[in-house]
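**Q** Sharing a structure here in structure tokens format.
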Amino acid sequence: MTASSAPATSYKDTLNLLQTPFSMRANAKVREPEIQAFWAELQLYERLSQQNPGESFTLHDGPPYANGALHVGHALNKILKDIINKTALLQGKKARFIPGWDCHGLPIELKVLQGLKSSERAELTPVSLRQKAHAYALEQVEGQKAGFRRWGIWADWDQPYLTLQKSYEAAQIGVFGAMVLAGHIYRGLKPVHWSPSSRTALAEAELEYPDGHTSPSVFVAFPAVQLPKGLATQLSAAGLKPEAAIAEGGLAVAIWTTTPWTLPANLAVSVNERLDYAICAVSPRGESTAPSASHLVVAAELRESLEASLGLELQPLLRVKGADLEGIVYRHPLLERASAVVIGGDYITTEAGTGLVHTAPGHGVDDFNTGKKYGLPVLCPVDEAGNLTAEAGPFAGTNVLKDANPTIIEALEGTGLLLKQERYEHRYPYDWRTKKPTIFRATEQWFASVEGFRAAALEAIAQVEWLPASGRNRIEAMVSERGDWCISRQRTWGVPIPVFYHRETGEVLLNQTTLDHIQALIAEHGSDVWWERDEAGLLPEPYAAEAAQWRKGTDTMDVWFDSGSSWAGVLGGIAGGESRAPELHYPADLYLEGSDQHRGWFQSSLLTSVAVNGHAPYKRVLTHGFTLDEKGRKMSKSLGNVVDPAVLVEGGKNEKQEPAYGADVLRLWVSSVDYSADVPLGPGIVKQLADVYRKVRNTARYLLGNLHDFDPARDAVPYAELPLLDQWMLQRTAALIDSVSGDFERFEFYRFFQALQNFCVVDLSNVYLDIAKDRLYVSGAQEFRRRSCQTVLALVVERLAGLIAPVLCHMAEDIWQNLPYAVSERSVFERGWPTAPAEWRQPELETPMAQILELRALVNRQLESCRASGQLGASLEAQVQLELGDGAESTRAALRWLESTAHPSVDNLADWLLVSALQQGGSAPADVLAEANEAGITVRIAKAAGEKCERCWHYETDIGQHSTHPSLCGRCVAVLS
Ligand SMILES: [Zn+2]
């Protein structure tokens, strides 16, 4: 019989089809801002972060620099923070997040200066420059803030902390003052990294080391004019006449330097007392010309390699220890001056050069320390622009980065003392802003004496949890080895070093009274007051009366001191300080930044906090890597591989080529990467992420679409009455909740990303929902088969929304807003972190279910081969016969488990295999289409008996028995009547 009376479409209308306004397409460009407006209207972040019942959680924001557009590095950083904060909020904690910006410093000052006409520059005063810099910084803050908000980041956006705010500056002065009073701040002449191009001292963190730097290196002979007694005796014993050795053209010490411009500042030659040195007779090799010295002193270990590189025969006549050389007096090769050979330290090695080190205390840290030991002056004949001064004699006026080197080398050539010159490639520090080489230059600077609290800092590091653990080694090594921290800068846009100098004696005025007074002035007026007022207006009594004697300092503080004081300025971690919000605490629970901050903010914050309070400002420090392109290269405009997060979220000019993926896809990327190393991003990765996003969205849509006529209050089936398949699905959901909770606890979001995909694709789509189609579509709307399934769908979709909320916050809220039944929470974030009732946890369901899913896979492979050969269409056209032999015990046990069900209308193998009939044992069907035998299981596929029901597409033998519905099976007839 064929169905001709009723058109198929009429039966289609009797199925329970999907109904939901939750759209397949995200339409993120419109929908995400709508959801954000909804959150704002509910004041959701404000209420949860202030009124949640749990403890407070302080993730303290490291301030990005207020300059430039947001890039994917910002996205990685801020979204990681937001995922952690949203998780904490869902867990009922008061996770108040005060975002910050670093607003002072040279880059902004330069930006302002570059934007001025020369006439405007001429009229510029420090105060007007600061006003322009202030306005520029605020404008940049607003631009970046809008980007962060668009990404769905929750924070106190209307009350961020800015390092230019009065209260912040005052707290920073408080930190500086506490360090002054504890004896940790001093002023000294010391070689510091100096940028002639910026005319300022630079911190370690402001340097970069570009590849391919070469310097003009020179080997020079310094002729000895006087020998110490001990050495003279040894020379005599070796048959050399000391008197002759020091005669003109006699004995010389050989040095090597890559900075010829420092030679005018030479005040010593240093040796390592423990190394062996050789006194060698010199003769030319091949065509080379003989130097003016007949004997050279070099490190014994380097003698042979020097013979090759200098092109000289160096015949060793006497071997002595470095200590024996101390006290040789030599003549400066270029200036009328004599200096001595001194003992340096273990920094003198035989890795390069001659083993004897040209020493200029004004131009190197080791040189400075050695000079200090011998009471040498800190000679620094270089001005702030890098020009040699009158102290450099005939070289005055040349520039160390331009003509000083060639001029000095030419002069050396004329003396006959130049042994060799060559280009030398090495690591050399450049100014990170101007990209020009820096020098070491001794200047009067303000320092924080790290030596004074190094031990306490190392102890504090040990108390902190570093994630990953290698972070501890990094910062420990840096803090153990670092020198004192130069905190002064010769710039205008910053917080002043609040010091006065006596106009005649240079005496420094810096004490509790002046510090308190300046701090109060800055709290009231901001740090502009330092430039707006004269000394009389800045000095407290009793000094104000003698204001004419004092001159205010002009240095500003290193910006790392600004941001490094944020624990005081924001978290209130200083005596008399106030935190920005009652929920914040100090030390913070967590700092989270890129791994370069071991050198930067993690360290500057640690040093100031330890110096003032004796402990770290954080309990835990989590670091992330950097963003690279898909091939592992740095993103750069020239390579054309930059992913602009604004384009990714909002789309490009041509949305066909650059679609608007929305903030959730950007957030999903952040969750997908193992950020403990550098992380890749590019168009291919974005496409894959968009696919995962769609998969999750479509899964949620399917769940919602099948709940349109379901009200848990009315229709839910109690857990104990659910079929085995449903209980298994809830066991899987409980397992997902447990694993994802752990993943978030350990900040391993990429595991969440994998678990989420697995849950949506495998557990839900491939298994549970695949089997459930018949229950959902075909059953009567209120049948147990369908209501029990809907019960599970509702329980799952609510928890799925909660689990994705920290990452896919917009989609999670969209799901919540489209739940087709009433819930008591207006937002998914009010529901809290998903939980599973204890009864859901039935791990014993996993084993039989796994067996059955294996059997299902075996059957599917046979069905697939029948489909491929055109013998079958849909799997419902098939019947299956199973025979379980030896070796199939666990499958047999699984089938017994299935047969024990109280709900055979759901828990039956034919339905689970999506076939129309199933037979266990008995005789094989006629016309077997496919047969397989694996692990004791025989599977035979044949055409199902009967005809296809027009409504449910099952093949049944009872079709045609009902006169009104001659094309339907008995089950469908029952549903319709
Ligand atoms: Zn039917």
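**Q** Somewhere in segment 67-83, is a residue within 30 Å of residue 783 (Cβ to Cβ), surrounded by fewer than 23 Cβ atoms within 10 Å (Cβ to Cβ) and touching a residue at least 40 places away in the same chain (Cβ under 8 Å)?
**A** Within segment 67-83, none of the residues are within 30 Å of residue 783 (Cβ to Cβ), surrounded by fewer than 23 Cβ atoms within 10 Å (Cβ to Cβ) and touching a residue at least 40 places away in the same chain (Cβ under 8 Å).
**Q** Can you pull out the residues in segment 322-340 that are over 15 Å from residue 357 (Cα atoms) and out of contact with any Ser or Thr (no Cβ under 9 Å at 6 or more places or on another chain)?
**A** 324, 335, 336, 337, 338
**Q** If you go through segment 476-532, how many residues are out of contact with any Pro (no Cβ under 7 Å at 6 or more places or on another chain) and outside any helix (DSSP H, G or I)?
**A** 31
**Q** Further question on the same structure: Could you check segment 268-294 and list, in sequence order, the residues that are buried (at least 19 other Cβ atoms within 10 Å of the Cβ), modelled with pLDDT under 85 and in a strand (DSSP E or B)?
**A** Selection gives 282 alone.
**Q** Look through 649, 670, 679 and report the one residue that is touching a residue at least 24 places away in the same chain (Cβ under 8 Å), over 14 Å from residue 28 (Cβ atoms) and touching a Gly at 6+ places or on another chain (Cβ under 9 Å).
**A** Residue meeting the stated conditions: 679.
**Q** Can we say residue 775 is within 16 Å of the ligand (Cβ to nearest atom), assigned to a helix (DSSP H, G or I) and in contact (Cβ under 8 Å) with a residue 60 or more places away in the chain?
**A** In short, yes.
**Q** Tell me yes or no: at least one residue of segment 216-226 is surrounded by fewer than 18 Cβ atoms within 10 Å (Cβ to Cβ), within 30 Å of the chain's Cα centre (by Cα) and at negative phi.
**A** No: segment 216-226 contains no residue that is surrounded by fewer than 18 Cβ atoms within 10 Å (Cβ to Cβ), within 30 Å of the chain's Cα centre (by Cα) and at negative phi.
**Q** Does segment 828-841 contain any residue that is crowded, with 18+ Cβ neighbours inside 10 Å, closer than 29 Å to residue 894 by Cα and not small (Gly, Ala, Ser)?
**A** Looking through segment 828-841, at least one residue is crowded, with 18+ Cβ neighbours inside 10 Å, closer than 29 Å to residue 894 by Cα and not small (Gly, Ala, Ser).
**Q** While we're looking at this one, here's another question. Residue check: is residue 800 hydrophobic (A, V, I, L, M, F, W, C), at pLDDT 95 or above, in a helix (DSSP H, G or I) and open to solvent by 10 Å² or more (accessible area, probe 1.4 Å)?
**A** no
**Q** Now, a different point. Out of (1) open to solvent by 70 Å² or more (accessible area, probe 1.4 Å); (2) touching a residue at least 12 places away in the same chain (Cβ under 8 Å); (3) in a loop (DSSP other than H, G, I, E, B), the odd one out for residue 16 is which?
**A** Residue 16 satisfies every listed condition except (1).
**Q** For segment 806-826, enumerate the residues that are part of a loop (DSSP other than H, G, I, E, B) and either closer than 24 Å to residue 18 by Cα or open to solvent by 10 Å² or more (accessible area, probe 1.4 Å) (or both).
**A** Across segment 806-826, the qualifying residues are 808, 818, 819, 820, 821, 822, 823, 824, 825, 826.
**Q** Can you tell which of 625, 652 is within 22 Å of residue 597 (Cβ to Cβ) and surrounded by fewer than 19 Cβ atoms within 10 Å (Cβ to Cβ)?
**A** Just a single option satisfies the conditions, and that option is 625.
**Q** Then there is this: Does segment 91-142 hold any residues that are open to solvent by 40 Å² or more (accessible area, probe 1.4 Å) and within 27 Å of residue 582 (Cα to Cα), and which are they?
**A** 91, 93, 94, 138, 142, listed by residue number.
**Q** Further question: What do you reckon, is residue 476 open to solvent by 30 Å² or more (accessible area, probe 1.4 Å) and more than 24 Å from residue 174 (Cα to Cα)?
**A** In short, yes.
**Q** Of 606, 571, which residue is open to solvent by less than 40 Å² (accessible area, probe 1.4 Å), touching a residue at least 40 places away in the same chain (Cβ under 8 Å) and in a loop (DSSP other than H, G, I, E, B)?
**A** 571
**Q** Moving on. Can you name the residue in segment 952-964 that is touching a residue at least 60 places away in the same chain (Cβ under 8 Å) and within 11 Å of the ligand (Cβ to nearest atom) and, of all such residues, is farthest from residue 856 (Cα to Cα)?
**A** Here the answer is 959.
**Q** In addition: Within segment 933-971, work out how many residues are more than 30 Å from residue 889 (Cβ to Cβ), under 60 Å from the mean Cα position of the chain (by Cα), hydrophobic (A, V, I, L, M, F, W, C) and open to solvent by less than 50 Å² (accessible area, probe 1.4 Å).
**A** 2
**Q** Can you tell me which residues in segment 63-113 are among the acidic types (Asp, Glu) and in a helix (DSSP H, G or I)?
**A** The answer is 82, 109.
**Q** Among the residues of segment 326-352, write down those that are farther than 28 Å from residue 395 by Cβ and in contact (Cβ under 8 Å) with a residue 24 or more places away in the chain.
**A** Residues satisfying the conditions are 326, 327, 343, 345, 346, 349, 350.
The values are calculated or read from the model by the stated rules, or taken from the named source; none is laboratory data. Since we're looking at a predicted model, the values are computed, not measured. So basically every Cβ, Gly included, is an ideal-geometry build from the backbone, and we count neighbours across all protein chains shown. Only protein heavy atoms, including side chains, enter the accessible area calculation; ligands, DNA and RNA are left aside. Shrake-Rupley method; radii C 1.70, N 1.55, O 1.52, S 1.80 Å.
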